[in-house]
1. State whether the residues of the stretch 48-57 include one that is open to solvent by 40 Å² or more (accessible area, probe 1.4 Å), more than 10 Å from the ligand (Cβ to nearest atom), in contact with a strand residue (DSSP E or B) (Cβ under 7 Å, 6 or more places away or on another chain) and of a type outside the set (Phe, Trp, Tyr).
2. Would you mention how many residues in the stretch 148-161 are within 16 Å of the chain's Cα centre (by Cα), surrounded by fewer than 20 Cβ atoms within 10 Å (Cβ to Cβ) and aliphatic (A, V, I, L, M)?
3. Give the residue, chosen from VAL163, VAL192, that is within 26 Å of GLY39 (Cα to Cα) and among the β-branched types (Val, Ile, Thr).
4. Among the candidates GLU174, GLU199, GLU141, GLU145, which residue alone is more than 15 Å from the ligand (Cβ to nearest atom), open to solvent by 70 Å² or more (accessible area, probe 1.4 Å) and out of contact with any helix residue (DSSP H, G or I) (no Cβ under 7 Å at 6 or more places or on another chain)?
5. Taking only the stretch 80-125 into account, find how many residues are crowded, with 17+ Cβ neighbours inside 10 Å, more than 26 Å from VAL163 (Cβ to Cβ) and either touching a helix residue (DSSP H, G or I) at 6+ places or on another chain (Cβ under 6 Å) or without any contact (Cβ under 8 Å) to a residue 12 or more places away in the chain (or both).
6. For a quick check of your reading of the model, give me the residue pairs whose first member lies in the stretch 183-212 and is touching a residue at least 24 places away in the same chain (Cβ under 8 Å), whose second is surrounded by fewer than 17 Cβ atoms within 10 Å (Cβ to Cβ) and of a type in the set (A, V, I, L, M), with beta-carbon atoms closer than 8 Å and at least 6 apart or on different chains.
7. What residue, among those in the stretch 58-68 that are open to solvent by less than 50 Å² (accessible area, probe 1.4 Å) and assigned to a loop (DSSP other than H, G, I, E, B), is nearest to PRO186 (Cα to Cα)?
8. For the list (1) surrounded by 14 or more Cβ atoms within 10 Å (Cβ to Cβ); (2) within 16 Å of the ligand (Cβ to nearest atom), I need the number of the one condition that GLY164 fails.
Amino acid sequence: MSPGGIVRPLALITGFVPFAGDAVNPSASLLAQLPDRFGDHLLLKCCLPVDTLRAPRLLVQALGGSAPRHVIHLGLAEKRETISMEMVARNVCDFRIPDEGGCLRRGAVVPGAPEVLGVRMPVELLEARWRERGIPVERSEDAGEFLCNQIFYESLWRMPADVGVAFVHLPPDEALVAWRQDQGLPLPQAWVPMAQQREALMEMLDVLGTLTSTDV
Ligand code: PCA
């Protein structure tokens, strides 16, 4: 418990809705499968719009004044072959397509703030667990220049320093491949079963849960 008697959630986990004409986004699918509790720990969940203005507002709403121990953002990286842990967020937006509000944003995420911010997570511990379980997860140094990088940067910049912040980019899953096939659209070059993507996140939560206590 916090001094005020409020239980601090283990994590706020976010995903993004489908975008760019797709009907599936593995990050939203994975979010929808998550429980509200992980053991004794409370989880907060929030599916964000692919909208440069509305996504940050919704994130603040989801926090509802609470301070989770960790913020874990999830998003689709459709050209990736494996799950990846983003190591840095860059203070730049250079949208390749307009967001849902029609905004083709270019420029700094936070004017005057540092060019690069580093992930705040026990990355090596997490990697050891994933390796142990045979779940391939790579490091990435490039979260892109679209909504995923933006939200990652904003959380690293705005969340208190004792809150862990990570962005996990997910590759396509079988549902996205099936949908594209159905629509006669070009298929992604690789995909990872949703069951494995889910397992990667559950193992991550398990590691974070053992590191921390809800009685903060
Ligand atoms: N992926 C996009 C935005 C939403 C999503 O799931 C990105 O990588 O920026």
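1. Of the stretch 48-57, the ones open to solvent by 40 Å² or more (accessible area, probe 1.4 Å) are 53-54, 57.
Keeping just the survivors that are more than 10 Å from the ligand (Cβ to nearest atom) gives 53-54, 57.
Checking which are in contact with a strand residue (DSSP E or B) (Cβ under 7 Å, 6 or more places away or on another chain) leaves us with none.
Looking for residues that are open to solvent by 40 Å² or more (accessible area, probe 1.4 Å), more than 10 Å from the ligand (Cβ to nearest atom), in contact with a strand residue (DSSP E or B) (Cβ under 7 Å, 6 or more places away or on another chain) and of a type outside the set (Phe, Trp, Tyr), one finds none in the stretch 48-57, hence no.
2. 1
3. Values: VAL192 fails: within 26 Å of GLY39 (Cα to Cα).
Sole residue among the options that is within 26 Å of GLY39 (Cα to Cα) and among the β-branched types (Val, Ile, Thr): VAL163.
4. On the way: GLU174 fails: out of contact with any helix residue (DSSP H, G or I) (no Cβ under 7 Å at 6 or more places or on another chain); GLU141 fails: more than 15 Å from the ligand (Cβ to nearest atom); GLU145 fails: more than 15 Å from the ligand (Cβ to nearest atom).
Testing whether each residue is more than 15 Å from the ligand (Cβ to nearest atom), open to solvent by 70 Å² or more (accessible area, probe 1.4 Å) and out of contact with any helix residue (DSSP H, G or I) (no Cβ under 7 Å at 6 or more places or on another chain) leaves just GLU199.
5. 0
6. Cβ pairs passing all conditions: PRO188/VAL177; MET194/ALA175; VAL207/LEU125; LEU211/LEU125.
7. Kept after step one, since they are open to solvent by less than 50 Å² (accessible area, probe 1.4 Å), are these residues of the stretch 58-68: 59, 62-63, 66-68.
Imposing the further condition that a residue be assigned to a loop (DSSP other than H, G, I, E, B) reduces the set to 66-68.
Working: SER66: 42, ALA67: 42, PRO68: 39 Å.
That would be PRO68.
8. With (1) surrounded by 14 or more Cβ atoms within 10 Å (Cβ to Cβ); (2) within 16 Å of the ligand (Cβ to nearest atom) applied to GLY164, the lone miss is (2).
The values are calculated or read from the model by the stated rules, or taken from the named source; none is laboratory data. Just so you know, these numbers come straight off a predicted model, no measurement behind them. As a convention, Cβ positions derive from the backbone with ideal geometry for all residues, glycine included, and neighbour counts pool all protein chains shown. For accessibility, only protein heavy atoms count, side chains too; no ligands or nucleic acids. Shrake-Rupley method; radii C 1.70, N 1.55, O 1.52, S 1.80 Å.
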